[in-house]
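In what follows, a single structure is set out as structure tokens and then discussed.
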Amino acid sequence: MTLTTMDTRPALVVIDLQKGVVALPSAQPVGEIVQRAASLATAFRRHGLPVVLVNVTGRAPGRTEASQSGFVPSPDWADIVEDLQPQPDDYRVTKQRRSAFHGTSLDAYLQEHGVTQIVLAGVATSSGVESTARSAHDHGYHVVLATDAMTDSDAATHANSVERIFPKLGETATTSEVLEMLEKTR
């Protein structure tokens with residue numbers, strides 16, 4: 001389903017656009033993804049709407065076949081990229097799992113601020129973004145996925161999330177469509 005409306009109180013949630021993650025290989029040019037997310041953040045801030053910047057510093061303890069044993073992150077690995085121009089009023093969420101809702105105060109923050117709709121951007125499409133979208137949907141938020149403001153390490157995996165999963169969880173739109181709708185409703 002394509003974007004139909006912006007709620008009175010939407011929030012932007014940017015997933016894992018941090019130095020260590022954006023340095024990893026990606027299917028789409030990560031610089032373009034960061035710039036689109038930054039344009040969303042600028043617009044949300046200009047309208048006095050919540051901006052949530054999420055980073056990841058851990059992972060679930062269960063064994064997987066894709067384990068990254070021996071990985072030692074650099075000291076600035078979890079720092080949010082400067083292009084997002086983090087502001088003091090931005091809400092910061094540090095997660096240890098894929099979803100920004102799991103084990104964090106994100107839902108409480110959104111509820112406290114009257115948010116009914118979240119716009120998602122970031123990386124990785126099939127991991128942090130998709131997991132957060134699933135959780136947001138389960139929590140009852142209207143979910144908007146800015147599909148050109150996200151990427152994954154694999155183009156086919158990104159496409160699967162965008163084409164098959166996201167339409168079941170919310171509405172999809174380009175960054176331009178989100179910005180246009182935001183301007184119309186403000």
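Regarding G122, is this residue surrounded by 20 or more Cβ atoms within 10 Å (Cβ to Cβ) and on the phi > 0 side of the Ramachandran plot? Please lay out each step first, then the result.
Details: surrounded by 20 or more Cβ atoms within 10 Å (Cβ to Cβ): yes; on the phi > 0 side of the Ramachandran plot: yes.
So G122 fits the description; yes.
Scanning region 157-178 for residues that are crowded, with 19+ Cβ neighbours inside 10 Å and either touching a residue at least 40 places away in the same chain (Cβ under 8 Å) or closer than 13 Å to H47 by Cα (or both) yields H158, G170, E171, T172, A173, T175, V178. Set side by side, the residues S127, S135, S74 differ, and just one is polar (S, T, N, Q), surrounded by 15 or more Cβ atoms within 10 Å (Cβ to Cβ) and either under 24 Å from D7 (Cα atoms) or over 13 Å from the mean Cα position of the chain (by Cα) (or both), which is S135.
Answer yes if at least one residue in region 74-97 is out of contact with any strand residue (DSSP E or B) (no Cβ under 9 Å at 6 or more places or on another chain), modelled with pLDDT of 95 or more and either assigned to a loop (DSSP other than H, G, I, E, B) or not charged (D, E, K, R) (or both), and no otherwise.
yes
Candidates are the residues of region 137-175 that are in contact with a strand residue (DSSP E or B) (Cβ under 8 Å, 6 or more places away or on another chain) and assigned to a helix (DSSP H, G or I); the one that is farthest from Q28 (Cα to Cα) is H137.
The values are calculated or read from the model by the stated rules, or taken from the named source; none is laboratory data. Note that the structure is a prediction, hence the values are computed from the model and not measured. Please note: Cβ atoms are built from the backbone with ideal geometry, for glycine as well, and neighbour counts cover all protein chains shown.
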